[in-house]
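The values are calculated or read from the model by the stated rules, or taken from the named source; none is laboratory data. In this text the structure is predicted, and so the values were computed from the model without any measurement. Backbone-built Cβ (ideal geometry, glycine too); neighbour counts: all protein chains shown.
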Amino acid sequence: MIEEYFDTIWVCIGCYILEGTGENIGDGGDGIEPLAEIEPPYRISLGMGWEDHADDCLIKLDRNRGNVANVKGGYECECETNTFSKSQCDGCGSFLYGERHAMTLWKEVIA
């Protein structure tokens, strides 16, 4: 199976926790199951592709300099979190307002 980068998606905390820990913390009160919108041939991973980081993000700047390791010294990127969003969750489709977290969407391709 070959996968290629497809897009960065923005998910609610319920979807983010389910992918990160495997723990389902519930549907947020709107009856929608976390990650219900992600189906084959797609899969997801935590975080965003480095090319989607803001132009002034140290992770992107470091990567562009040829250093493939993350920036050292406890740097925490703010690009991957939207602290308050009114947008629909790309993982489950919920319209509940709140924090959104970046995840990478991968697509299986036929080689």
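Working only within region 1-54, note down all residues that are of a type outside the set (Gly, Ala, Ser), more than 14 Å from THR104 (Cα to Cα) and touching a helix residue (DSSP H, G or I) at 6+ places or on another chain (Cβ under 8 Å).
GLU23, ASN24, ILE25, ASP27, PRO34 - these are the residues of region 1-54 that are of a type outside the set (Gly, Ala, Ser), more than 14 Å from THR104 (Cα to Cα) and touching a helix residue (DSSP H, G or I) at 6+ places or on another chain (Cβ under 8 Å).
Kindly evaluate GLY26 against the criterion of being assigned to a loop (DSSP other than H, G, I, E, B) and small (Gly, Ala, Ser).
On the way: assigned to a loop (DSSP other than H, G, I, E, B): yes; small (Gly, Ala, Ser): yes.
Judged against the criteria, GLY26 is a match.
State all residues of region 59-80 that are under 26 Å from ILE17 (Cβ atoms), surrounded by 14 or more Cβ atoms within 10 Å (Cβ to Cβ), of a type outside the set (D, E, K, R) and modelled with pLDDT of 65 or more; if no residue qualifies, say none.
ILE59, CYS77, CYS79
Looking at region 14-42 only, could you name the residues that are surrounded by 17 or more Cβ atoms within 10 Å (Cβ to Cβ) and in contact (Cβ under 8 Å) with a residue 60 or more places away in the chain?
Selection gives GLY14, CYS15, TYR16, GLU19, GLY28, ILE32, ILE38.
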